[in-house]
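K.L.:
Let me give you the structure first, and then I'll get to my questions.
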Amino acid sequence: MKMPFYQLAQPRDVIRQFTPNWFTVTMGTGVVALILPEFPFAHVFLLQLATWLWQFNTLLFITFTLLYLLRWYFYPQEAKQVFSHPTMALFLGAIPMGLATVINGLLKFGLPLYGDIAVDVAQVLWYVDVVLAIVIGIGVPFCMYSRQEHQLQNMTAMWLLPIVACEVAATSGGLLVQHLAVGQQALGTLFGSYMLWGMSVLPAFAILTILMLRLALHQLPSRELAITGWLALGPIGTGALALLVLGAQAPHVLQAFGLESLGVFFQHAGILGSFILLGFGIWWFAIAVFTTLTHVKKGLPFNLGWWGLTFPLGVFTLAILNLAHQIDAQFLQDIGLAFAAILMMLWIMVMRKTLQGMYAGYLFFSPCLKSFLEKQ
């Protein structure tokens, strides 16, 4: 019988069993903080609540980072097994994506709190985020090709996690550009973000194509993995959001370099591209809902994978709201707010279950450690 967290005989086991999938908590919590101020009612209260939630999320990210670094310090042989594990390695992508929510919140909430220093800190963190996203986005797939064992029937949308980190960083780059002086640095950040978009969205759509084949040949995933279907909304929503954010900044940045017409093209292409991507997202949203409902009757066991209900839906919602703002479309605003309301309810449910699981202790479990010990 598992003992409650505060009664654990060896609290150090929390470090030993700590895995990167905990960073999905910061992803989901961070995106909720970014969406809260979008509601038109009680704006001052919701802005303050969102600021508190972002600060709480930042503290969570720092805590999780320390725990994971301590695991590498105290248990390096066990920690490095993550690269050989076919599932847990994928969650390394959650680290830069969790950091991106901290950066985006710093640009949204940090300026009135800390002044211009918030932009400087966000810029440094963005460079760190980009490096992590690229290394993980290339390194984890290579580990999949060279040292892990995968089969088509066992494939899930979790394959997207290390890939999507680059386009999340691209979105953060677009948000950062609007706070930079027009010059070479802003230009480099803009074009670099578009390259990050390409490094992520195109491989992600290749994975989605294979995933559709897997679903057709081997049917739905097991009920333990039913929630993974929601992850497909991640690259679609973030892809659309990045195009919108970058496109909005392109005209004034490129105008300074005599490329105003190219900037306008980027802006218009972002709007058109986001419409197309969001349409694809609606299709995947329906598939994810039907998949979840199919398994609900049998009962869905809770695990940290349930955080896949939050971040993908969150970035999809942000893309709808951003598009509504750019073209001044009230019907899109209403649709986005409806998705936002659903997101808030899902976040409350998943956070409550996570806190219960932390108290019970069963969420502190490392599959890669179990595999490593079984080989000894």
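The values are calculated or read from the model by the stated rules, or taken from the named source; none is laboratory data. Please read these numbers as outputs of a predicted model, since none were measured by experiment. With ideal geometry, Cβ positions are generated from the backbone for all residues, glycine too; neighbour counts draw on all protein chains shown. All accessible areas refer to the heavy atoms of the entire protein, side chains included, with ligands and DNA or RNA removed. Shrake-Rupley method; radii C 1.70, N 1.55, O 1.52, S 1.80 Å.
K.L.:
What fraction of the Cα pairs in segment 160-199, stated in percent, has a spacing above 14 angstrom?
P.N.:
Here the tail beyond 14 Å accounts for 41 percent of pairs.
K.L.:
Still on this model: Can you give me the Cα centroid spacing of segment 174-198 and segment 242-302 in angstrom?
P.N.:
18 Å
K.L.:
So, one more: Any idea how many Lys pairs in the chain come in under 20 angstrom at the alpha carbon, given 8 or more places apart or on separate chains?
P.N.:
6
K.L.:
State the dimensionless ratio Rg/Rh of segment 311-366 (Rg: radius of gyration of Cα atoms; Rh: Kirkwood radius).
P.N.:
Values: Rg = 15.9 Å, Rh = 12.8 Å.
Ratio of gyration radius to Kirkwood radius for segment 311-366: 1.23.
K.L.:
Given a Förster distance of 51 angstrom, what is the FRET efficiency for residue 185 paired with residue 297, based on the Cβ-Cβ distance and rounded to 0.05?
P.N.:
Computed FRET efficiency for residue 185 and residue 297 comes out at 0.40.
K.L.:
With every protein chain left in place and a probe of 1.4 Å, what is the accessible surface of residue 334, to the nearest 10 Å²?
P.N.:
80 Å²
K.L.:
Which peptide among 42-49, 242-249 comes first, and what is the full order, when sorted by highest mean count of other Cβ atoms within 10 Å?
P.N.:
Highest to lowest by the protection proxy: 242-249, 42-49.
K.L.:
May I pose another question? Counting only Cα atoms, I'd like the Rg/Rh figure for segment 54-115, Kirkwood definition for Rh. Working shown, then result.
P.N.:
On the way: Rg = 14.6 Å, Rh = 13.2 Å.
Radius of gyration over Kirkwood radius for segment 54-115 works out to 1.11.
K.L.:
Just the accessible area per residue of the chain, please: how many Å² with a 1.4 Å probe?
P.N.:
45 Å²
K.L.:
Just to be sure I understand, if you calculate semi-axes √(5λ) of the Cα gyration tensor in Å for this structure, which of (1) 33, 23, 22; (2) 30, 28, 20; (3) 42, 22, 19 do you get?
P.N.:
Matching entry in (1) 33, 23, 22; (2) 30, 28, 20; (3) 42, 22, 19: (1).
K.L.:
Below 8 Å, C-alpha to C-alpha, sequence gap of six or more: please give me the relative contact order for segment 239-336 in percent.
P.N.:
So the answer I get is 29 percent.
K.L.:
Could you give the dipole magnitude of the chain about its Cα centre, charging the beta-carbon of Lys and Arg +1 and that of Asp and Glu -1, in debye to the nearest 20?
P.N.:
1280 debye
K.L.:
Going by average Cβ neighbours within 10 Å, how do the peptides 316-322, 13-19, 214-220, 108-114 rank, with the highest at the top?
P.N.:
316-322, 13-19, 108-114, 214-220
K.L.:
Could you tally the net charge around residue 100, taking each other residue with its Cβ under 12 Å from the Cβ of residue 100, Lys/Arg +1 and Asp/Glu -1? Walk me through the numbers before you get to the answer.
P.N.:
Details: positive: none; negative: 129, 167.
It works out to a net charge of -2.
K.L.:
Can you give me the P(r) profile for segment 22-126? Cα pairs, bins 5 angstrom wide beginning at 0, each as a whole percent.
P.N.:
With a bin width of 5 Å, the distribution comes to 2, 13, 19, 20, 17, 11, 8, 5, 3, 1, 0.
K.L.:
Roughly to the nearest percent, how much of the accessible area of the chain is carbon and sulfur, given a 1.4 Å probe?
P.N.:
69 percent
K.L.:
Let me ask something else. Using the membrane-span-like helix rule (whole DSSP H runs, Cα extent along the own axis of at least 20 Å, mean Kyte-Doolittle hydropathy at least -1.0), which helices of the chain qualify? Let's see the in-between values first.
P.N.:
Working: long enough: 43-74 (46 Å, 1.13); 117-146 (43 Å, 1.82); 161-177 (25 Å, 1.71); 184-218 (50 Å, 1.23); 233-255 (33 Å, 1.18); 260-296 (52 Å, 1.38); 311-327 (24 Å, 1.45); 330-360 (45 Å, 1.06).
Once both thresholds are applied, what remains is 43-74, 117-146, 161-177, 184-218, 233-255, 260-296, 311-327, 330-360.
K.L.:
Separate question: Consider all pairwise Cα distances in segment 9-63 and report the whole-number % of them above 15 Å.
P.N.:
55 percent
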